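Below is one structure; the comments refer to it alone.
Every number here is computed from the coordinates shown, using simple stated rules; none is lab data. Worth saying up front: this structure is predicted, and the values here are computed from it rather than measured. Note: ideal-geometry Cβ built from the backbone for every residue, glycine included; neighbour counts use all protein chains shown.
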Amino acid sequence: MAATVACAFFFDAEPVGESGMPAQDACALCAKSLARNSDIFMYRGDTPFCSEECRHQQMRLDAVSERHAARRLQRYSSATESHRDQRESRNVSIAS
């Protein structure tokens, strides 16, 4: 009985209205409709997928995005540090 109530709540809940939130009635990756009598594969708490394959594909996409973001941050940090070192070396040579 509790599973039926949870399933009904999942499909019948009002949309939250937040932008970026996936619709709960379709796969977040391929947009395939999610049937009440089929398995739903969740990722990151509230993102539904129609299959393990779609969920794993999204996980791979997220991992690639996170690696790219880490590289950008590392490049930005290195450039900022290099720029800071150049300013300090100019200040030292002017002061001496």
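Apply 1/(1 + (r/R0)^6) to the Cβ-Cβ distance of THR80 and ARG44, taking R0 = 30 Å, and write down the FRET efficiency to the nearest 0.05.
The value I calculate is 0.45.
What ³J(HN,Hα) values, in whole Hz, does the Karplus curve 6.51 cos²θ - 1.76 cosθ + 1.60 give for region 66-72 when θ = phi - 60°, with x put for Gly and Pro?
5, 5, 4, 5, 5, 5, 4
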